[in-house]
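See structure below.
Bear in mind these aren't lab numbers, they're just calculated from the coordinates by the rules spelled out. Because the structure is a prediction, the values reported are computed rather than measured. Virtual Cβ from ideal backbone geometry, glycine too; neighbours counted across all protein chains shown.
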Amino acid sequence: MVDTKELEEVSRKIRRDIMVMLAEAGSGHSGGSLSATEIMVSLFWNVLRHDPENPDWEERDWFVLSKGHACPVLYAVLAARGFFPRKELWTLRKLDTILQGHPHRLKTPGVEFSAGSLGQGLSLASGVAMGLKRQGNPGNVYVLMGDGEQNEGAIWEAGMTAAQYDLDNLCGICDRNYLMIDGNTEEVMGLDPLADKWRAFGWQVFEIDGHDLRQMTYAYERFQLEKKRPTMIIANTIKGKGVSFMENQADWHGAPPKKGEQVQQALGDLGFTAPWEDFKKHDFDWVG
Amino acid sequence: MGDIREEARLVDYRKGVEEVPSRDGYGHGLLWLCENDERVVVCDADLAKSTRTIWVRDKYPEKFIDFGIAEQDMLAEAGGLSRTGLVPFVTTYGVFVAGRAWDQIRTSICYGELNVKIGGAHGGISVGPDGPTHQSLEEIPLMRVLPGMTLVVPTDAHEAKKATIWAASHEGPVYLRFGREGVPVITTEETPFTVGRAEVYRDGDDVAIIACGPLVYEALVAADALAKDGVDARVINCHTIKPLDVDTIVTAAKECGAVVTAEEAQVYGGLGGCVAEVLCQQHPVPMRIVGIEDVFGESGSPRELLDRYGMNSGNIAAKVKEVIAMKS
Ligand SMILES: Cc1ncc(C[n+]2csc(CCOP(=O)(O)OP(=O)(O)O)c2C)c(N)n1
Ligand SMILES: [Mg+2]
């Protein structure tokens, strides 16, 4: 297990890259990328068996991004892990990029499924989990969903399937930031008591602080010990986490920080002082 | 040489155009309906800002229903609402409605002849940087194969508003396709608009360019370029894909002897497909279809994508040259 202090620093840099990437792109999704940062960092640095040199390694664990709009956090993580060169991050959403506005598995190393239409990832992940199990492959499958995304009926269809087939190798993570596009999840389409719903569907459920790297890692480890049911981690988070003017603001769901002053302010909130464009020229560890 | 028809009452687009997204016309149409038709309710699936139904949510909150991110539910719920006498306008992006909820639209709504109106936003590749997952290129074939469906692809914001208001007056399912980007406003309040009737905007008898959506503007620009080369193109705004204005299309084929269609959508089964079905049975002429050639799009700016995937005025003019060469 990587030292928590170290992973906090990794998370800070991932958030930095998300902001720079989005500012450069001029469009894209800030809020749900920032809220999922620790979920992703604890998974990719502490838990997920993977080989950036060989993304299709048969013995890997699988990560499926169901809330495809949050791909900036996935791209930042994949680049930091070495799946592709860091400079690709600055081509996000531009013509001929390998980093499409929503993930495409045929263009980006490390992306298992194309996504962008919500409510399909849990079924895809469940299918992988079923396929691995049937073939005696011990790999685990992790899938990240939004909370608004839980509105989709297909999520609950997959919920039944995974429980029916005892997919104890399937771990869902719900980024519980209480915001979707039209506002607060409980005002638009209430979800609570969400944990009870998943329990009633036959899942093991953990409700934890999704920004606490230790709690996240512990939940993933508990999932690995489970020998019967699928697991759902409800990760309580703050949409836009780390950037003061984005936190808990529905309007920052699908907007990037503007180039210049605004992205500089976002980086400032994260504790970076170097000019924002300088981060494009240096490696992941450079902090200015 | 033909020219723009006086009675089309178009904007003098050669002097420059204002660019407005057609989804704005939908929003304005909905506001008008909320004021004037008490049966109307407006439904969305967590995309109120992008689809402009937020204008209704802000001004007439009692007429707005958010179903959350649950498009299949929303479509069937709208079917239920319609059976109580309300006229629901359900709204989300084209992919998530025409695709995701197609079976609800087919069996509950069209087969059951329910009075549900569908606003499909973000049609076309000009959706841009969000990429292929959000660029809806298939709604035209998906919707037009359904018996009882009316399918309109407005060319600009004005026409979108007219189509939206018309939809409430029509009994039965209607699908309206809108775009995300600002596109040239070429029509005016006075431009004739009748659902089911294609409008000839420019006279000409060497070739007919039949277009829908924002490509009508590209067709007009192509016609101007072609005129310099001595080619006299008729330009038709075929905003209603279903029911198709067969008379105007067959007449154009007879009088011009060659046809090019243009749409911001897959080439299979769309406007080009409709026109080809009609012409090969009634009056075959050389024909070409401008659209996306059986591939998914990619991220990029709207203009870059229209150019790369062959849907600008130059591409239309090039196809015109091809059919003209085939005429002799
Ligand atoms: C099927 C489908 N419907 C609608 C959308 C448009 N959309 C993209 S993100 C989003 C809101 C997602 O909210 P949530 O799941 O809570 O994500 P997060 O807060 O983590 O960003 C919506 C409605 C979509 N991508 N797919
Ligand atoms: Mg959310």
ask   = Within the stretch B:69-119, which residues are closer than 21 Å to A:E149 by Cβ and small (G, A, S)?
value = B:A70, B:A76, B:G94, B:A98, B:G99, B:A101
ask   = Which pairs have Cβ atoms under 7 Å, sit 6 or more apart or on different chains, and link a residue in the stretch B:7-23 that is surrounded by fewer than 17 Cβ atoms within 10 Å (Cβ to Cβ) to one that is among the polar types (S, T, N, Q) and assigned to a loop (DSSP other than H, G, I, E, B)?
value = B:R9/B:T188; B:R9/B:T191
query = How many of the residues making up the stretch A:65-114 are closer than 13 Å to B:E298 by Cβ, of a type in the set (V, I, T) and touching a residue at least 12 places away in the same chain (Cβ under 8 Å)?
reply = 2
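Yes/no matrix, rows are residues, columns are (1) farther than 21 Å from B:S22 by Cβ; (2) in contact with a helix residue (DSSP H, G or I) (Cβ under 7 Å, 6 or more places away or on another chain):
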site: B:A157; (1), (2): no, yes
site: B:V174; (1), (2): no, yes
site: B:V183; (1), (2): no, yes
site: B:T187; (1), (2): no, yes
site: B:I210; (1), (2): no, yes
site: B:V216; (1), (2): no, no
site: B:I236; (1), (2): no, yes
site: B:V250; (1), (2): yes, yes
site: B:A253; (1), (2): yes, yes
task = Select the helices (runs of 4 or more DSSP H) contained entirely in the stretch B:1-78, then report the ones holding at least 1 residues which are acidic (D, E).
result = B:22-36, B:54-59
inquiry  = Where the second residue is away from ligand 1 (no atom under 11 Å from the Cβ) and not in a helix (DSSP H, G or I) and the first is more than 13 Å from every other protein chain (Cβ to nearest Cβ) and of a type in the set (V, I, T) and lies in the stretch A:170-185, which pairs have Cβ atoms under 9 Å and are six or more apart or on separate chains?
reply    = A:I173/A:Y142; A:I173/A:V143; A:I173/A:M232; A:I173/A:I233; A:I173/A:I234
message = Exactly one of these conditions fails for B:E304: (1) surrounded by 15 or more Cβ atoms within 10 Å (Cβ to Cβ); (2) among the acidic types (D, E); (3) under 23 Å from B:E199 (Cβ atoms). Give me its number.
response = (3)
ask   = Given the residues A:A250, A:A255, which is the only one that is over 19 Å from A:T4 (Cβ atoms), touching a strand residue (DSSP E or B) at 6+ places or on another chain (Cβ under 7 Å) and not aromatic (F, W, Y)?
value = A:A250
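Out of the helices (runs of 4 or more DSSP H) lying entirely within the stretch A:26-120, which hold 3 or more residues that are within 14 Å of the chain's Cα centre (by Cα) and within 14 Å of another protein chain (Cβ to nearest Cβ)?
Numbers: elements: A:31-35, A:37-42, A:71-81.
Qualifying helices (runs of 4 or more DSSP H): A:71-81.
On the given criteria, is A:G254 out of contact with any Lys or Arg (no Cβ under 7 Å at 6 or more places or on another chain), in a loop (DSSP other than H, G, I, E, B) and crowded, with 23+ Cβ neighbours inside 10 Å? Outline the logic, then answer.
On the way: out of contact with any Lys or Arg (no Cβ under 7 Å at 6 or more places or on another chain): yes; in a loop (DSSP other than H, G, I, E, B): yes; crowded, with 23+ Cβ neighbours inside 10 Å: no.
For A:G254, the condition - out of contact with any Lys or Arg (no Cβ under 7 Å at 6 or more places or on another chain), in a loop (DSSP other than H, G, I, E, B) and crowded, with 23+ Cβ neighbours inside 10 Å - is not met.
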ask   = If we keep just the residues of the stretch A:154-191 that are within 11 Å of ligand 1 (Cβ to nearest atom) and of a type in the set (G, A, S), which is nearest to A:W203 (Cα to Cα)?
value = A:A154
task = Determine the pairs where a residue that is within 13 Å of chain B (Cβ to nearest Cβ), located within the stretch A:243-257, has a partner that is away from ligand 1 (no atom under 12 Å from the Cβ) and of a type in the set (K, R) with Cβ atoms under 6 Å apart, the partner being 6 or more residues away or on another chain.
result = none
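Within 28 Å of A:A23 (Cβ to Cβ) and in a helix (DSSP H, G or I), is that true of A:V243?
On the way: within 28 Å of A:A23 (Cβ to Cβ): yes; in a helix (DSSP H, G or I): no.
Here the answer is no, as A:V243 does not meet what is asked.
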query = Could you say whether any residue in the stretch B:41-56 is away from chain A (no Cβ under 12 Å) and surrounded by fewer than 18 Cβ atoms within 10 Å (Cβ to Cβ)?
reply = no
query = When B:G172 is evaluated against the numbered criteria (1) outside any strand (DSSP E or B); (2) in contact (Cβ under 8 Å) with a residue 60 or more places away in the chain, which criterion, by number, is the only one it fails?
reply = (2)
remark   = The residue that is farthest from ligand 2 (Cβ to nearest atom), considering only those in the stretch A:136-153 that are closer than 19 Å to A:V188 by Cα and surrounded by 18 or more Cβ atoms within 10 Å (Cβ to Cβ), is A:E152
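Can you tell me how many residues within the stretch A:134-152 are more than 11 Å from ligand 1 (Cβ to nearest atom) and either of a type in the set (V, I, T) or on the phi < 0 side of the Ramachandran plot (or both)?
Kept after step one, since they are more than 11 Å from ligand 1 (Cβ to nearest atom), are these residues of the stretch A:134-152: A:134-143.
Next cut, either of a type in the set (V, I, T) or on the phi < 0 side of the Ramachandran plot (or both) only: A:134-135, A:137-143.
Going through the stretch A:134-152 one residue at a time, the tally reaches 9.
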